[in-house]
Amino acid sequence: MKNLIGKIARAVKDYDMVTDGSTIGVAVSGGKDSVALLYLLSQLQKSWQFDLYPIHAKVAEYDTTPVKNLCEELNLPYTELDVKMDYGKFSKKECYICSRFIKGFITEHLRGKNISRIAFGHHADDVAATFFINLVQHNKIGAFLPVLTNTKSGVDTIRPLIYLREKELESLVSRHNLPLIDYKCPYAKDNNRMELSKNINEIEKILDCKNLPEKIYKSLQSPQKSEFWNIDKFGDE
């Protein structure tokens, strides 16, 4: 646990994601990544002065009690937005459109609450997956921004989990028995980014590399390559 909190604290400090006294919205889908994000940020609150505002966008009929209960256990408020989604209008390869649609609902709500930053649970494996997708599909070198500012919505995006591996988050959720929402997007199985993220371990074996995502985000961080943190079709505006 201490190691994970240290990694998330380092990301927060490296990219100035949180300021003292601020309120951070947390997008909690109910999956392992967002639940782990909420839990780790709540632990970071013990040494950092900021508030959390968890928010769930409900896109279908399913039980959201697990997330409600977790927020109650962590002494955090819980907000649920009823977002009606017509998945029939999205193609199987356009999950980023759905993501932007949901993000729009969330950011609009946060603007009304004067909350100017929202955290998403994108982790190091997502950085690596996006890097490869940009390389192969968009002919560019880069990944999504750790912090996205000056957006049209007026709500900045932060990604505090960029230094954590997906397997670390899975272990955290399992070890602490964190509750998850039992809902699967009908198009998730056809999401290229998610499939690639799941297979990062296989790429590491081929390259004989122990931590490929770390090597990728460190290469993106080097001063001469800072411009490689690009906005892409990952849900950014």
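Every number here is computed from the coordinates shown, using simple stated rules; none is lab data. What you see is a predicted model, and the numbers here were worked out from it, not measured in a lab. Heads up, the Cβs are rebuilt from the backbone with ideal geometry, glycines too, and the neighbour counts pull from every protein chain shown.
Taking 0.36 nm per intervening residue step and subtracting the Cα-Cα distance, what contour gain separates Asp51 from Ser174 on full extension? Could you put the intermediate results ahead of the total?
Numbers: separation 123, 0.36 × 123 = 44.28 nm, distance 2.56 nm.
So the chain would gain 41.7 nm between Asp51 and Ser174.
For the ranges 27-36, 109-118, 173-182, what's the packing order if you count other beta-carbon atoms within 10 Å of each residue, average per peptide, and put the highest first? Walk me through the intermediate numbers first.
Details: 27-36: 22.4, 109-118: 16.4, 173-182: 13.4.
Answer by packing, highest mean first, reads 27-36, 109-118, 173-182.
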Listed residues Gly154, Ala129, Ser171: farthest to the positive end of the dipole of region 125-178 (Cβ charges): Gly154
Using θ = phi - 60° and Karplus 6.51 cos²θ - 1.76 cosθ + 1.60, couplings along region 16-31 (whole Hz; Gly, Pro as x): 6, 6, 10, 10, 4, x, 7, 10, 10, x, 10, 6, 10, 6, x, x
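Can you give the % of DSSP beta bridges in region 1-153 that are antiparallel, to the nearest 5? Please list the in-between numbers first.
Numbers: 0 of 13 bridges.
Bridges in region 1-153 are about 0 percent antiparallel.
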